[in-house]
1. How would you order 20-31, 53-64 from highest to lowest mean count of nearby Cβ atoms within 10 Å?
2. Cut-off under 25 Å on the C-alpha distance; same-chain residues fewer than 8 positions from Lys33 excluded. Which lysines are left, in chain and number order?
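Values in this text are rule-based calculations from the coordinates and carry no lab data. Remember, it's a predicted structure, so these values are computed and weren't measured experimentally. FYI the Cβ positions are ideal-geometry reconstructions off the backbone, even for glycines, and counts take in every protein chain you see.
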Amino acid sequence: MSECTNNCSSCGENCASRKAPQSFLAECNSYSKIDKVIAVASGKGGVGKSSVTSLLAVAMAKQGKRLAFWMPISLALPFPRLLA
């Protein structure tokens, strides 16, 4: 094979520069009781992330699930109004 052009769509499976996909999964903490993590995210503001999160939390609570949600943005304060 000729020199690598860094265009993986043009080379075959046996390319020496091709690397295995990287896993972004962290090791699980054996002491944690968290089973699942659901993220609600968007690159744009005002699309209803808070509404979706609160409706999802209410629906899961009605099914008897134990849950918590975390809103890392300090200016996003609609949860008391949404859950009232």
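1. Details: 20-31: 5.7, 53-64: 12.7.
Highest to lowest by the protection proxy: 53-64, 20-31.
2. Lys62, Lys65
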